[in-house]
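Inspection log for the structure reproduced underneath, given as structure tokens.
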Amino acid sequence: MFGNLVDLLVYTIIIPVMPSHLQQLRYHRVSALTGWLLFAFSAGLVLSTPPIAVFSERYNTRRMPLIFGLLLLAGSQVMLMEAPTYAIMCIARVLQGISSAIVWTIGLALV
């Protein structure tokens, strides 16, 4: 459940923080760019959930993939915070979506 809490925090923190961060980087149409960042997360999540679910059911070990997902989630969050360009922010959000799929799929399979 801790992993799911961390994932929800990563997902929701973008709404209040990202517009001011994009403005500091001198981007225009900040609300549209923030919306695309939300989409990038969702795209990573939707596209990676089926293969992760298959992997989770095929192999019996779930602890190490969950730890990997949490580390990937933390790394992609740092990547997003330190991203110098919008393209890198989008890549970080896709990675957050993939790691979120790992955390939710494997985390709920453990319950």
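With respect to the numbered conditions (1) without any contact (Cβ under 8 Å) to a residue 60 or more places away in the chain; (2) out of contact with any Pro (no Cβ under 6 Å at 6 or more places or on another chain); (3) open to solvent by less than 40 Å² (accessible area, probe 1.4 Å), which one is the sole condition not fulfilled by Arg58?
Unmet for Arg58, out of (1) without any contact (Cβ under 8 Å) to a residue 60 or more places away in the chain; (2) out of contact with any Pro (no Cβ under 6 Å at 6 or more places or on another chain); (3) open to solvent by less than 40 Å² (accessible area, probe 1.4 Å): (3).
Return yes when Leu8 is in a helix (DSSP H, G or I), at pLDDT below 90 and of a type outside the set (Asp, Glu) and no when it is not. It would help to see each step written out before you state the result.
Working: in a helix (DSSP H, G or I): yes; at pLDDT below 90: yes; of a type outside the set (Asp, Glu): yes.
Yes, satisfied.
Out of everything in segment 20-34 that is modelled with pLDDT of 90 or more and surrounded by 15 or more Cβ atoms within 10 Å (Cβ to Cβ), what residue ends up being nearest to Leu108 (Cα to Cα)?
Per the criteria, the residue is Thr34.
Count, please, the residues in segment 81-111 that happen to be open to solvent by 10 Å² or more (accessible area, probe 1.4 Å) and either in a helix (DSSP H, G or I) or touching a Gly at 6+ places or on another chain (Cβ under 8 Å) (or both). Working first, answer last.
Pass one, segment 81-111, residues open to solvent by 10 Å² or more (accessible area, probe 1.4 Å): 81-82, 84-88, 90-91, 94-95, 98, 102, 104-105, 107-111.
Checking which are either in a helix (DSSP H, G or I) or touching a Gly at 6+ places or on another chain (Cβ under 8 Å) (or both) leaves us with 81-82, 86-88, 90-91, 94-95, 98, 102, 104-105, 107-110.
Residues meeting the conditions: 17.
Could you figure out which of (1) in a loop (DSSP other than H, G, I, E, B); (2) in contact with a Ser or Thr (Cβ under 8 Å, 6 or more places away or on another chain); (3) of a type in the set (Ser, Thr, Tyr) isn't true of Tyr27?
Answer for Tyr27: the failing condition is (2).
Yes or no: Ile52 open to solvent by less than 80 Å² (accessible area, probe 1.4 Å), free of Cβ contacts under 8 Å to residues at least 24 places away in the same chain and in a helix (DSSP H, G or I)?
Working: open to solvent by less than 80 Å² (accessible area, probe 1.4 Å): yes; free of Cβ contacts under 8 Å to residues at least 24 places away in the same chain: no; in a helix (DSSP H, G or I): yes.
In short, no.
Is segment 62-74 home to any residue that is within 22 Å of Leu5 (Cα to Cα), among the charged types (D, E, K, R) and assigned to a helix (DSSP H, G or I)?
Just the residues of segment 62-74 that are within 22 Å of Leu5 (Cα to Cα), to begin with: 62-74.
Those still in the list that are among the charged types (D, E, K, R) too: 62-63.
With the extra rule that they be assigned to a helix (DSSP H, G or I), the set shrinks to 63.
Among the residues of segment 62-74, at least one is within 22 Å of Leu5 (Cα to Cα), among the charged types (D, E, K, R) and assigned to a helix (DSSP H, G or I), which makes the answer yes.
The values are calculated or read from the model by the stated rules, or taken from the named source; none is laboratory data. Just so it is clear, the structure is predicted and the values come from calculations on it, not from any experiment. Because the Cβ atoms are built from the backbone with ideal geometry, glycine has one as well, and the counts that use them run over all protein chains shown. SASA here: full protein model, heavy atoms, side chains in, ligands and nucleic acids out. Shrake-Rupley method; radii C 1.70, N 1.55, O 1.52, S 1.80 Å.
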